[in-house]
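S.K.: I'd like to ask some things about the structure below.
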Amino acid sequence: MSALSPVNAKGPVPRHVAIVMDGNGRWAKKRFMPRFFGHKAGVDALVKTVLSCADRGIEHLTVFAFSSENWKRPTEEVSGLMGLVLVAVAKYLTKLADRGVRIRIVGDRSQVSDKLRAAWEHAESITRDNTRITLSVAFNYGGRWDVVQACRQAIRDGVATDDLDEATLNRYMALSYAPDPDLFIRTGGEVRMSNFLLWQAAYSELVFTECLWPEFDDAALDAVLAEYARRDRRFGGVKDAPPAQALRQA
């Protein structure tokens with residue numbers, strides 16, 4: 001897509017932003033560094049983006065940290081990512097908690113270590129009462145997995161076939177506690193959704209930017225928000241009114 005330009009004028013602010021944080025490896029390669037250093041810089045960029053979103057009145061930020069397909073990456077890289085998550089929790093949890101961030105982890109936890117699950121549970125527990133912004137980290141997550149797990153939960157709960165409509169199934173989705181994303185961002189120049197929030201992003205505004213994730217700063221965020229503000233959201237109709245949850249004025 002063409003380059004995005006930040007605009008200072010205030011406009012509609014999305015309640016919920018979803019981001020595919022792509023480009024860590026390429027950022028490191030450009031600097032002749034191992035991929036791990038790109039992922040580390042990506043964590044730093046995430047923390048800054050969470051706080052920047054909170055400053056702009058965004059209530060929910062959901063990020064794609066590790067997909068169910070990422071297990072196919074080299075063992076050394078996967079192991080490094082798992083260790084980096086533990087380091088990131090130890091390094092940034094207090095800062096995020098003190099700034100009013102609630103942390104939630106979405107995805108299949110069965111394949112990660114007990115130590116990592118315990119770190120996630122600790123982060124969720126101590127931030128449970130925070131209300132400034134909710135950071136949902138999709139880890140070992142896939143959009144198709146999400147639909148399947150929701151169906152399985154509904155079946156286990158005895159939901160009758162005739163009663164299984166969209167509203168009912170939505171209650172079993174991994175992000176059932178959040179409004180659907182208003183804005184879906186992918187950094188790094190790729191133009192695809194990569195199995196992220198397939199159910200929830202049905203009517204999201206999609207923005208793809210060439211910016212590599214570690215370089216995603218306040219200016220890049222404001223440029224994307226400005227692009228979002230220029231969009232005429234129709235929700236499948238000619239002039240459908242947006243859902244009550246969808247927009248607030250900045």
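S.K.: Would you check which residues across the range 186-201 are farther than 14 Å from Arg15 by Cα and either hydrophobic (A, V, I, L, M, F, W, C) or part of a helix (DSSP H, G or I) (or both) and list them?
M.R.: Val191, Met193, Phe196, Leu197, Leu198, Trp199
S.K.: If I ask for residues that are buried (at least 19 other Cβ atoms within 10 Å of the Cβ) and assigned to a helix (DSSP H, G or I), which ones from the range 14-29 would you list?
M.R.: Residues satisfying the conditions are Asn24, Gly25, Trp27, Ala28.
S.K.: So which residues in the range 216-230 are part of a helix (DSSP H, G or I), buried (at least 16 other Cβ atoms within 10 Å of the Cβ), within 18 Å of the chain's Cα centre (by Cα) and of a type outside the set (A, V, I, L, M)?
M.R.: Passing the criteria: Asp222, Tyr228.
S.K.: Out of all the residues in the range 147-176, which are assigned to a loop (DSSP other than H, G, I, E, B) and surrounded by fewer than 12 Cβ atoms within 10 Å (Cβ to Cβ)?
M.R.: Residues satisfying the conditions are Asp157, Gly158, Ala160, Asp165.
S.K.: Tell me, which helices (runs of 4 or more DSSP H) wholly within the range 30-143 include 3 or more residues that are closer than 19 Å to Ala178 by Cα, of a type in the set (A, V, I, L, M, F, W, C) and under 17 Å from the mean Cα position of the chain (by Cα)?
M.R.: By residue number, 35-55.
S.K.: Can you find a residue that is surrounded by 12 or more Cβ atoms within 10 Å (Cβ to Cβ), of a type outside the set (Ser, Thr, Tyr), within 28 Å of Glu215 (Cα to Cα) and touching a helix residue (DSSP H, G or I) at 6+ places or on another chain (Cβ under 6 Å) anywhere in the range 178-187?
M.R.: Within the range 178-187 (the criterion being surrounded by 12 or more Cβ atoms within 10 Å (Cβ to Cβ), of a type outside the set (Ser, Thr, Tyr), within 28 Å of Glu215 (Cα to Cα) and touching a helix residue (DSSP H, G or I) at 6+ places or on another chain (Cβ under 6 Å)), the answer is yes, since at least one residue qualifies.
S.K.: Can you run down the residue pairs with Cβ atoms below 7 Å, 6 or more apart or on separate chains, where the first is in the range 121-134 and touching a residue at least 40 places away in the same chain (Cβ under 8 Å) and the partner is surrounded by 13 or more Cβ atoms within 10 Å (Cβ to Cβ) and assigned to a helix (DSSP H, G or I)?
M.R.: If the second residue must be surrounded by 13 or more Cβ atoms within 10 Å (Cβ to Cβ) and assigned to a helix (DSSP H, G or I), the pairs left are Arg132/Ala54; Ile133/Val50; Ile133/Cys53; Ile133/Ala54.
S.K.: Turning to a different aspect of this structure: Considering (1) modelled with pLDDT under 95; (2) surrounded by fewer than 17 Cβ atoms within 10 Å (Cβ to Cβ), say which one Ala88 fails and leave the rest.
M.R.: Every listed condition holds for Ala88 apart from (2).
The values are calculated or read from the model by the stated rules, or taken from the named source; none is laboratory data. Source: prediction; values computed, not measured. Here the Cβ is made from the backbone with ideal geometry for all residues, glycine too, and neighbour counts use every protein chain on show.
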